[in-house]
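These notes are about the structure you will find just below.
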Amino acid sequence: MQQQVPLVRAVPVIAVVTTLLALLAAALTTPAGAAERAASPSYVALGDSYASGTGTRSYLADGTSCQRSTRAYPALIAAARGYELSFRACSGARVSDVATQVEALSPATGYVTVSVGGNDAGFADVLTECAQPGWMSDCNGAIDAARRFIDRTLPGRLAGLYADIDQRAPNARVVVVGYPRIFMGKDCNWATWFSRSEMTRLNETADLLNQRTAGLAATRGFGFADPTDRFVGHAVCADAEWINGLSWPISESYHPNRPGHSSGYTPTVSPLLTGAAVAVSRTVRQRAAASAERLVEAQREHTATDAAIEPETVAAPDLTTPRARKAARRAGVDLGSRRSIDAADRRASRAQARAWARTH
């Protein structure tokens with residue numbers, strides 16, 4: 001008599017077949033791009049305008065004033081390496097704002113960059129003060145206040161932020177990104193009055209911020225990308241300028257432009273973040289540009305939070321204000337004569353430099 005196979009043994013077979021068919025259906029209905037992105041390494045870019053891409057003049061239409069650009073180094077690195085980018089950096093961000101951006105991090109995050117501290121130290125306000133003629137400004141006083149903040153207050157804020165990043169993304173390679181020197185010792189902008197000594201002190205203050213930031217990054221085990229050397233010869237007023245001088249729209253002023261990101265920041269950050277330098281080719285730029293819609297969609301849930309961040313913008317000197325007219329009368333300046341304005345500026349700047357040197 002023929003032996004019968006118990007029906008119960010057929011049930012697991014049916015279940016397996018059903019599961020396989022379901023998985024096949026899911027694979028066929030899932031967009032290929034979504035599947036590829038799910039498998040891509042996760043890269044979260046945190047920070048301020050120097051990370052978002054302010055200065056590149058081309059920004060994502062994401063409903064915010066963050067000025068995120070596919071020309072910025074996070075988008076270029078992500079495009080070159082095939083990383084899935086969460087672009088949280090936003091113009092105007094301070095440490096407190098980045099403390100909210102870190103909600104994008106998780107144990108699955110593979111790569112993180114963070115650039116913050118300049119807005120906390122009031123760099124835009126300092127530049128605004130120093131851009132004015134010496135007879136109506138206190139540039140050294142503004143720089144001194146920023147340096148005290150960098151030495152005394154900022155380290156505590158950054159230490160807390162870095163600890164939070166480390167806790168939220170324990171498996172990530174984290175790179176803290178510094179700031180370049182803005183000036184090269186020459187002010188070629190017609191509407192600003194930076195003296196040589198003021199530009200030197202402003203550069204030294206950027207160096208101080210980098211030193212403090214680098215030390216805190218090392219304590220936490222993070223990398224530090226210092227753009228100082230890379231930007232030598234490419235500051236404001238250089239023949240090959242990688243940092244905008246006073247510009248219009250005004251928000252573009254004193255920020256890295258497109259070459260600053262592609263030739264300055266990208267080759268500085270990418271070796272520490274990815275293990276090898278990224279060369280920004282035409283293909284990389286095209287890939288980055290093609291990611292715009294995806295980046296906008298990914299940040300849509302954060303629009304309300306980002307809208308609360310106010311951009312920090314330099315103000316151009318205005319010699320028509322009551323304050324300027326009063327200062328001009330006190331200094332004996334004829335506001336109708338550029339020659340008078342400039343001569344008084346040189347005298348005041350020299351006197352201020354001597355006075356500062358005597359007390360420091």
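The values are calculated or read from the model by the stated rules, or taken from the named source; none is laboratory data. If you're wondering where the values come from, they're calculated on a predicted model, not measured in any experiment. All Cβ positions, even for glycine, are placed from backbone atoms using ideal geometry, and neighbour counts span all protein chains on display.
General remarks:
- Among residues of the stretch 274-308, those that are assigned to a helix (DSSP H, G or I) and either touching a helix residue (DSSP H, G or I) at 6+ places or on another chain (Cβ under 9 Å) or not acidic (Asp, Glu) (or both), counted: 23
- Residues in the stretch 223-236 that are out of contact with any strand residue (DSSP E or B) (no Cβ under 8 Å at 6 or more places or on another chain) and either outside any loop (DSSP other than H, G, I, E, B) or buried (at least 17 other Cβ atoms within 10 Å of the Cβ) (or both): Asp226, Asp229, Arg230.
- Scanning the stretch 155-196 for residues that are in contact with a Phe, Trp or Tyr (Cβ under 6 Å, 6 or more places away or on another chain) and closer than 15 Å to Ser115 by Cα yields a total of 4.
- The set of residues from the stretch 60-106 being touching a Gly at 6+ places or on another chain (Cβ under 9 Å), crowded, with 24+ Cβ neighbours inside 10 Å and among the small types (Gly, Ala, Ser) comprises Ser69, Ala72, Ala75, Ala89, Ser91, Ala93.
- Among the numbered conditions (1) crowded, with 17+ Cβ neighbours inside 10 Å; (2) farther than 22 Å from Trp242 by Cα; (3) within 18 Å of the chain's Cα centre (by Cα), the only one that Gly118 does not meet is (2).
- For the stretch 275-290, the set of residues classified as surrounded by 19 or more Cβ atoms within 10 Å (Cβ to Cβ) and either more than 30 Å from Cys188 (Cα to Cα) or touching a Gly at 6+ places or on another chain (Cβ under 6 Å) (or both) consists of Val278, Val284, Ala288, listed by residue number.
- Residue match in the stretch 183-191 (condition: touching a helix residue (DSSP H, G or I) at 6+ places or on another chain (Cβ under 6 Å), more than 21 Å from Ala351 (Cα to Cα) and modelled with pLDDT of 95 or more): yes
- Test result for Asn257, closer than 28 Å to Thr153 by Cα and not β-branched (Val, Ile, Thr): no
- Count - residues of the stretch 241-263 that are surrounded by fewer than 24 Cβ atoms within 10 Å (Cβ to Cβ) and touching a Pro at 6+ places or on another chain (Cβ under 7 Å): 1
- Given (1) touching a residue at least 60 places away in the same chain (Cβ under 8 Å); (2) under 20 Å from Phe87 (Cβ atoms), index of the condition Glu297 fails: (1)
- Residue in the stretch 198-218 that is buried (at least 22 other Cβ atoms within 10 Å of the Cβ), touching an Asp or Glu at 6+ places or on another chain (Cβ under 6 Å) and among the hydroxyl-bearing types (Ser, Thr, Tyr) present: no
- Scope the stretch 153-169; condition among the β-branched types (Val, Ile, Thr) and either surrounded by 23 or more Cβ atoms within 10 Å (Cβ to Cβ) or not in a loop (DSSP other than H, G, I, E, B) (or both); matching residues: Ile165
- Here is the figure for the stretch 59-99: residues that are in contact with a Leu (Cβ under 8 Å, 6 or more places away or on another chain) and modelled with pLDDT under 95 total 1.
Each row is one residue, and each column tells you yes or no for (1) surrounded by 23 or more Cβ atoms within 10 Å (Cβ to Cβ); (2) part of a loop (DSSP other than H, G, I, E, B).
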site: Ala108; (1), (2): no, yes
site: Val114; (1), (2): yes, no
site: Asp151; (1), (2): no, no
site: Asn171; (1), (2): no, yes
site: Val174; (1), (2): yes, no
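- Extreme residue, surrounded by the fewest Cβ atoms within 10 Å (Cβ to Cβ), among residues of the stretch 325-360 that are assigned to a helix (DSSP H, G or I) and among the polar types (S, T, N, Q): Thr359
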